[in-house]
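*Asks:* Can you read through this structure? Questions will come right after.
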Amino acid sequence: MSDVITTTVIVATIASGIRLATPFLLASLGEAIGQRSGVLNLGVDGVMLLGAFASYYVVLETESIWLGVMTGILTGLLMGLFYAIITVPLRAEQGVSGIGIYLFGLGMSDLLFQKLVGTPLPIDQFSEWHVPLLSDIPVVGEMFFQHTPMVYIAFLLVPIIAFIINRTTFGLSIRAVGESPESADSLGVSVPKVRFATIMAGNALAGLAGAALAIELGIFQQNLTNAMGFIAIALVYFGAWRAPGVMAGSLVFGMVGAIVLQAKTLGLIPRSASDIAAMAPAVITILALIIVANRFRQPAALTKPYVRGD
C-alpha cells in the first residue's frame, strides 16, 4: 500500500479535489446569497446545464474561452430574471417553481445540443495559470498554485462574498430581508429589490459554474452536471449559509470524489465495487449535512414570499 500511495499521488489527489470542488463552490456560493435573502432556488442544476451548454456552444463556434465564460454568466442572469419575476412579484411557491426551472434547463439544454451540435465535439480548455513564485514551492505549489483560472476565481469569491454579506450595507439588507422582511421594509429596505438582486447574482454564479464545468471538461453531453446543482444546495446547509462554510463543504465533496477516482485508477477499488464507491461523495456529504446543519438555524424567512401589509 505504501508503495502505491506516494507523495506524488497525494499531491495529485489534493490538486484534483480542489478542481472538482470548483463548480460546486461557484453554484453553492450563488445559492447561499439567494437563501440569505429568503429565496430557495431548486433550479440551480437546470441553470448550470443551460450555462454549460451556452458556454460550450460559444467556445465551439468562436474558439474564445472567455466569451464562452461570459455567455454562461449571461445565461444565468437571464434565468435569474425569469425566476425572480416568478417568485418575487408573482409570489409563486419557490419549491415548485425551482423544480420547473430545473426541468426546463434539463430539457432545453438537451434539445439545443441535439439540434445545434448532435455529436459531442471537443472544445478548447483552460490552460493552467502558475502563480509566480508560489507555484515553484515544492509540493505546496503543485497542490494550490497550478490551476486553471476558474479555480482561482471561485476561491477568491469566498472572501469577497463574505465581506459583502457581513461588512457592507447591502449585505446587512440581505440578512435583514432573509430574517425579517417586515422589519427590513419598515426601515426603508426594498424587499423586492434585494431579492431580485440576490436571485440574479445567484443564478449568474450558477451559470458560471456550468461554464466552468463544460470548459474544464472540454465537452458537453446530456445531463452533464449529474445533479451537481442539488448537491450545491445541500452544501449551503452544510456551510450554515456562510461563504467559508460553503467552501469547506465543497472541498470535502471534491476531495472525497478525487480520492475515489484515484483509488480506482490505482486499482485499490475492485471493479465490482466501483459503482458503490462512486456513491461515496454523496453519502459522506449527506452524513456531514445531518451532523452539521442541525446545529445552525436557517434564515427565518426562507421560502416565505413577502407582501407589504400582510
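Rule-based calculations on the coordinates, nothing more; no lab input. Just so we're clear, the structure is a prediction, and the values are computed from it rather than from any experiment. Glycine also receives a Cβ, built like all others from the backbone with ideal geometry; neighbour counts cover every protein chain displayed.
*Asks:* Pick from MET48, MET200, MET143 the residue whose mean-square fluctuation is largest in a GNM of the chain, springs joining Cα atoms under 10 Å.
*Replies:* Among MET48, MET200, MET143, the largest GNM mean-square fluctuation belongs to MET143.
*Asks:* Tell me the net charge near ALA197. Cut-off is 15 Å between Cβ atoms, ALA197 excluded, with +1 for each Lys or Arg and -1 for each Asp or Glu.
*Replies:* Details: positive: ARG36, ARG175, LYS193, ARG195; negative: GLU31.
Within the 15 Å Cβ shell, the charges total +3.
*Asks:* Something else: Set Lys and Arg Cβ to +1 and Asp and Glu Cβ to -1, take the dipole of the chain about its Cα centre, and tell me which of TYR306, GLY34, ILE174 lies farthest positive.
*Replies:* TYR306
*Asks:* Please give the FRET efficiency for LYS115 paired with ILE85, using the beta carbon to beta carbon distance and R0 = 22 Å, rounded to the nearest 0.05.
*Replies:* Details: r = 27 Å, r/R0 = 1.21.
Between LYS115 and ILE85 the formula returns 0.25.
*Asks:* Right, something else. Around PRO149, what is the net charge, scoring Lys/Arg as +1 and Asp/Glu as -1 over all other residues with Cβ under 15 Å from its Cβ?
*Replies:* Numbers: positive: ARG19; negative: ASP124, GLU128, GLU216.
Taking every Cβ under 15 Å from that of PRO149, the sum is -2.
*Asks:* Let me see the P(r) profile for region 6-56: every Cα-Cα distance counted, bins of 10 Å, each bin given as a percent of all pairs.
*Replies:* It works out to 21, 36, 26, 14, 2, in whole percents.
*Asks:* Follow-up. Which of THR169, THR148 comes first, and how do the rest follow, when ranked by fewest Cβ neighbours within 10 Å?
*Replies:* Arranged by neighbour count, lowest to highest, THR169, THR148 become THR169, THR148.
*Asks:* Angle between the Cα long axis of helix 7-36 and the longest principal axis of the chain, 0 to 90 degrees, nearest 10?
*Replies:* 10
*Asks:* Could you give the distance between the Cα centres of region 6-25 and region 54-78, to the whole Å?
*Replies:* After rounding, the separation between the Cα centres reads 26 Å.
*Asks:* Here is a further query. Could you work out which residue, out of SER135, SER28, SER16, moves most in a Gaussian network model of the chain, that is, has the largest mean-square fluctuation with Cα springs under 10 Å?
*Replies:* Per the Cα network of the chain with a 10 Å cutoff, SER135 tops the list.
*Asks:* Can you check what the net charge comes to around ARG19, using other residues whose Cβ is under 14 Å from the Cβ of ARG19 (Lys, Arg +1; Asp, Glu -1)? All intermediate terms of the calculation are to be shown ahead of the outcome.
*Replies:* Working: positive: none; negative: GLU128, GLU142, GLU216.
Summing Lys/Arg as +1 and Asp/Glu as -1 gives -3.
*Asks:* Further, regarding this structure: Residue separation times 0.36 nm, minus the C-alpha to C-alpha distance between LEU287 and ARG308: what's the value? Display every interim value, and only then the final one.
*Replies:* On the way: separation 21, 0.36 × 21 = 7.56 nm, distance 3.95 nm.
That pair, LEU287 and ARG308, stretches by 3.6 nm at full extension.
*Asks:* Considering just Cα atoms, how many Å³ per residue does the convex hull of region 22-227 enclose? Please report the intermediate quantities before stating the final value.
*Replies:* Working: hull volume 25.0 nm³, N = 206.
Per residue, the Cα convex hull of region 22-227 comes to 121 Å³.
*Asks:* Using the Karplus curve 6.51 cos²θ - 1.76 cosθ + 1.60 with θ = phi - 60°, work out ³J(HN,Hα) for each residue of region 53-59 in order, rounded to whole Hz, and write x for Gly and Pro.
*Replies:* Rounded to whole hertz, the list is 5, 4, 5, 4, 5, 5, 5.
*Asks:* Still on this structure, please answer the following. Within 10 Å of each residue's Cβ, count the other Cβ atoms and sort LYS115, LYS264 from fewest upward.
*Replies:* Working: LYS115 8, LYS264 16.
Going from sparsest to densest Cβ surroundings: LYS115, LYS264.
*Asks:* Would you grab the residues whose amide H sits under 5 Å from the one on HIS147? Only those 5+ places off in sequence or on another chain, please, with H modelled 1.01 Å from N.
*Replies:* So HIS147 has HN proximity to TRP129, VAL131.
*Asks:* May I pose another question? Under 19 Å from the Cα of LYS304, which aspartates and glutamates turn up, not counting those fewer than eight places away in the same chain?
*Replies:* GLU31, GLU93, GLU179, GLU182, ASP185
*Asks:* Dipole magnitude of the chain about its Cα centre, charges +1 at Lys/Arg Cβ and -1 at Asp/Glu Cβ only, in debye to the nearest 20?
*Replies:* On the way: 15 positive and 17 negative charges, 176 e Å.
Magnitude of the dipole: close to 840 debye.
*Asks:* Among ILE219, ILE99, ILE290, which one shows the highest mean-square fluctuation when the chain is modelled as a Gaussian network with alpha-carbon springs under 10 Å?
*Replies:* ILE290
*Asks:* Stretch ALA300-THR7 to full length: gain in nm at 0.36 nm per residue minus the Cα-Cα span?
*Replies:* On the way: separation 293, 0.36 × 293 = 105.48 nm, distance 4.65 nm.
Extra length available between ALA300 and THR7 comes to 100.8 nm.
*Asks:* Right, something else. At 0.36 nm per residue, minus the direct Cα-Cα distance, what do TRP129 and PHE230 gain on full extension? Give it in nm, one decimal, please.
*Replies:* Values: separation 101, 0.36 × 101 = 36.36 nm, distance 2.97 nm.
Between TRP129 and PHE230, full extension yields 33.4 nm more.
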